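The values are calculated or read from the model by the stated rules, or taken from the named source; none is laboratory data. This structure is a prediction, so every number in the text was calculated from the model and none was measured. Cβ placement follows ideal geometry from the backbone for every residue including glycine, while neighbour counts extend to all protein chains displayed. Areas reflect the complete protein model, heavy atoms only, side chains present, ligands, DNA and RNA absent. Shrake-Rupley method; radii C 1.70, N 1.55, O 1.52, S 1.80 Å.
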Amino acid sequence: MTTPSTRYAQFKLVLLGESAVGKSSLVHRFVKDSFDEYRESTIGAAFLTQTVNVDENTTVKFEIWDTAGQERYKSLAPMYYRNANCAVVVYDITQAASLDRAKAWVKELQRQANESIVIALAGNKLDLESDREVDTSVAQSYADEAGLLFYETSAKSGENVLELFTGIAKKLPIDAAASRHRPVPKGVDLSKPSPSSGSGACNC
Amino acid sequence: MSSSEEDDHSAHGIAESFDPPFNMPVVFKRAAADLSARHEATTDDQQSSDIPDIYGPDEGSPYPETEIEKQIQSRIKADILRSKLNYSDPFDEVHDRYGFRRQTAKISLDQYNAWWKEYRPYIQRRERKWQNLMSEVGLYHKDTTNPPTRFPPRSSKVTRYIRKGIPAAWRGNAWFWYAQGPQYLAKHPGLYDFLWKRAFANHNRDAEVIERDLHRTFPDNLLFANHNQTDDESPMISALRRVLLAYSEYMPATGYCQSLNFLAGVFLIFLDEEKAFWMLVIITQKYLPGMHDENLEGANIDQGVLMISVKDTLPTVWSKIGMGFDGFSADQVRETTDSAGATSLDDKELLTHSRASTEFIRKLPPITLSTTSWFMSGFIGTLPFESVVRIWDCFFYEGSKVFFRIALTILKLCEPELNALSDPIDVFQTVQDVPKSMVDPNYLLTSCFKRNNGFGHISEAEVRARRMYVSEIRRRSSRGQLGLNRNGNTPSDQNFQQWDNKMYKFQKRSNSPLLHGLPLRLRMHRLKLAADNHT
């Protein structure tokens, strides 16, 4: 374990994207470091927390709202992103249509959410390279254009999952937020997700 | 559902003028005629707008017979699979009597086994009691092996028996009976088969979203899990596909909504797929109206009703869960308004007051992100499975008030833990996690139904009144007409009048003491006060 951090802040993170692109699986990998081939559909939203160390003396705790993907759950969306500091908008690299849906989410966030919200685009299911429908370059250039962080991830293999969340943490205004939150309980090793702080990823 | 509720499925009769599409098998002709009759039903039939026009010129296209044959085979396999459940003995060391894993994220195998050791003699005792009750009224004979399909009329004794749990092997039939399933089935013979076949033939518009959820419905349950030896999907998954496609076909305005997969999945554990289909129709139309609709407004309305009820009956819990993300509470807004001296019933002040005090209804507190799924999925995934089915026993017999009572009970049982918390984050976590660890359904249901528990005695009429109230506030809010208009005047009397007409109709039906004998404005005010716990 690392030495106790001197900087600590909590941020609200919301996961958005088409159904079955792997939102819950990404969070589950991040929080529990595990993966199930079939994960129960998320109804409404699930709440989880996870802590990461951004650097030697900086810890960020994410309060994560994992949401249902089906179009009609959109009516609950303002509640998800009301006061969210950051968002991960997920698409499935094997489903071109899911990128369109992700773009619509980004547009809505940029119009409706906090002005300072940090948005990351995540192309998930990198392990299914042979079924790829969305070229990395296409998504990358869209992300650049829209001012988003961009990662291609695999919840199954774990590739780039931690990088995604630490990438977001590094973009957040930690100093500005630090004062209004409680002191840090303990540090967490960045190289693997903390087993202790997460909970309740699945709906069962 | 009270027994006095108007019978909304009286026979419409088969339309004389109906001309079936060519080369349709007889059973389809009957079903199509049935659809046609529904199509031509009077405007007060709320489902009439959902009825598809199936008589377009392309309707004569032949069904893919090989595919249909495959589906019929898989239906037989699903029935065989279901028949392997005896609903009394656990499948094996790891799974329970319904095929679910005993161990969950919040309940260890030891905890489960300890509970089951106590619970098993209990259900055996209840089964004997039920057998005696049913024998007395001639609905059960010891020599017959088939579960009964008819159940005794409502009485306080039956209510008591149902609250203590219906025998699992009879459960499906009892739900179906008390939800008036036999009437639906008798009135629409063959319609289910017609619908799923039609969905296959015409490529249903929800087919893709349904497909995405099939393998994400109870992946841990033995009945639904893929067979390891082959690549074939479980026949229960195929059954689920047919039921959800048929539903989407029958209710195109509602279509498929995530969470229906779980509801249908539970029905399929206890009933054959045709009955499961009708239960899905009944639960979404009669018990949880509008909840799964395109905009989920029915779900939002019920959350508003729940929040009002929490505010009314569990003020300590409300002080914890009524918080917004930024720590603001709806109460604080109201108190500010009150201190400004809005005491008279002057229109402007009444509306100003109501705007502040109904803030939490228009803009639901974030806790509803968790509690919405309680209602949409009927507590599947929220509570352990045995609790879910015990709640459903009461729900199909007593009506949707049961879900509100259970939700209040869960929050009440969370109260000691919530009291120790101040950070909203911990509050969310507790409300989400505590119910998952509630291993004993008897404790939950006893807490829910015991006398003088100080909460939870919300009646079916109150649920209806509060749904209307919340719906109206949200409707006006969404049109930007709640409170004062641009000129500083009150909304037009027409709006009041429309609302009053609805309330009047309701009052006549329910004779609600909430509204009885009061003039219009006072009636509105009373409702708002009731919501604010000022009464």
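Cβ-Cβ distances below 8 Å connect the following pairs, each with a first residue in the stretch B:255-269 that is free of Cβ contacts under 8 Å to residues at least 60 places away in the same chain and facing chain A (nearest Cβ under 10 Å), a second residue that is small (Gly, Ala, Ser) and part of a helix (DSSP H, G or I), and a separation of six or more residues or different chains: B:Gly255/B:Ser248; B:Tyr256/B:Ser248. In the set (1) surrounded by fewer than 24 Cβ atoms within 10 Å (Cβ to Cβ); (2) in contact with a helix residue (DSSP H, G or I) (Cβ under 9 Å, 6 or more places away or on another chain); (3) of a type outside the set (Val, Ile, Thr); (4) farther than 21 Å from A:Leu172 by Cα, A:Tyr38 fails one condition alone, (2). In the stretch B:376-402, the residues that are away from chain A (no Cβ under 13 Å) form Cβ pairs under 7 Å with partners that are open to solvent by 10 Å² or more (accessible area, probe 1.4 Å) and in a helix (DSSP H, G or I), at six or more places apart or across chains, as follows: B:Cys394/B:Arg163; B:Phe396/B:Tyr178; B:Tyr397/B:Tyr178; B:Gly399/B:Glu460; B:Lys401/B:Glu460. If you filter the stretch A:80-102 down to residues that are surrounded by fewer than 18 Cβ atoms within 10 Å (Cβ to Cβ) and not aliphatic (A, V, I, L, M), you find that the one that is nearest to B:Ala207 (Cα to Cα) is A:Asp100. Being assigned to a helix (DSSP H, G or I), hydrophobic (A, V, I, L, M, F, W, C) and within 11 Å of another protein chain (Cβ to nearest Cβ) is a property that B:Phe428 has. The set of residues in the stretch B:157-167 being in a helix (DSSP H, G or I) and farther than 10 Å from B:Arg390 by Cβ consists of B:Lys157, B:Val158, B:Thr159, B:Arg160, B:Tyr161.
Yes/no matrix, rows are residues, columns are (1) of a type in the set (D, E, K, R); (2) open to solvent by 10 Å² or more (accessible area, probe 1.4 Å):
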position: B:Val388; (1), (2): no, no
position: B:Cys394; (1), (2): no, no
position: B:Asn419; (1), (2): no, yes
position: B:Asp423; (1), (2): yes, yes
position: B:Thr430; (1), (2): no, yes
position: B:Asp433; (1), (2): yes, yes
position: B:Leu444; (1), (2): no, no
position: B:Asn452; (1), (2): no, yes
position: B:Glu460; (1), (2): yes, yes
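Within the stretch B:219-226, does at least one residue satisfy the condition of being away from every other protein chain (no Cβ under 12 Å) and without any contact (Cβ under 8 Å) to a residue 40 or more places away in the chain? Looking through the stretch B:219-226, none of the residues is away from every other protein chain (no Cβ under 12 Å) and without any contact (Cβ under 8 Å) to a residue 40 or more places away in the chain. Given the conditions (1) more than 10 Å from chain B (Cβ to nearest Cβ); (2) crowded, with 23+ Cβ neighbours inside 10 Å, which single one is not true for A:Ser24? Unmet for A:Ser24, out of (1) more than 10 Å from chain B (Cβ to nearest Cβ); (2) crowded, with 23+ Cβ neighbours inside 10 Å: (1). Based on this model, can you work out whether A:Ser141 counts as open to solvent by 70 Å² or more (accessible area, probe 1.4 Å), over 10 Å from A:Ile93 (Cα atoms) and of a type outside the set (Phe, Trp, Tyr)? No.
Selection within the stretch B:431-449: residues that are within 14 Å of chain A (Cβ to nearest Cβ) and not in a loop (DSSP other than H, G, I, E, B). The member of this set that is nearest to B:Ile406 (Cα to Cα) is B:Pro435. When B:Ser400, B:Ser471 are checked against the criterion of being assigned by TED's automatic domain parsing to the domain that holds B:Phe375 and under 17 Å from the mean Cα position of the chain (by Cα), B:Ser400 stands alone in meeting it. Here is a check on your reading of the model: is A:Ala77 among the aliphatic types (A, V, I, L, M), more than 10 Å from every other protein chain (Cβ to nearest Cβ), open to solvent by 20 Å² or more (accessible area, probe 1.4 Å) and more than 14 Å from the chain's Cα centre (by Cα)? Criteria not met by A:Ala77.
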